[in-house]
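I have placed the structure first, in the form of structure tokens, so that the comments after it can refer back to it.
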Amino acid sequence: LSNVLGLKVGGGIYKGLDMIGKSTAVIAIFMLGLFLYGRTYKKIWQGVLLSLPRMLLMPFLTYVFAHLFGLTSTSLSITVLLSAMPVALTLITLTQKYDFEVDLFANLILVSTLSSLAYLNLLRVLISK
């Protein structure tokens, strides 16, 4: 906002905002741990079944459409990898706020996050060829 308005941000303010910005990934992982801790994971296979189409179909469709729109190799790789990312942490907030299938979404988040360690690297290798 300060850049758009042409305002100069002081060193102390910039440093504080920079520290807050760098902490978002840590806070997101902490929230994920809090959400997943203590669950029973009785619906783990439902989480797997919900994750599989997202892990396979989303990157494939993104790859097809990225080619149709003529994206270059770097843009194409970034777009496909972003589409293959694990289920968003916003689901944690929404499922708890509306008390909607919290255990099922905990399974989905767990499966998609853990499996992303393997399939994102595999996808990166496949895209780079």
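Odds and ends about this structure:
- Fully extended contour minus Cα-Cα distance, from Ile13 to Phe100, at 0.36 nm per residue: 27.3 nm
- For region 1-120, averaging the sequence separation of C-alpha pairs within contact (under 8 Å, six or more residues apart) and dividing by the residue count gives a relative contact order of 33 percent.
- Its convex hull of Cα atoms gives region 2-61 a direction-averaged projected area, equal to a quarter of the hull surface, of 7.6 nm².
- Here Lys22 is the anchor, and the lysines within straight C-alpha reach of less than 26 Å, apart from those fewer than 8 places off in the same chain, are Lys8.
- Shape of region 1-105 from the C-alpha gyration tensor: oblate (a/c of 1.5 or more and a/b not above b/c, with a ≥ b ≥ c the square roots of its eigenvalues).
Values in this text are rule-based calculations from the coordinates and carry no lab data. In this text, all values refer to a predicted model and were calculated from it rather than measured experimentally.
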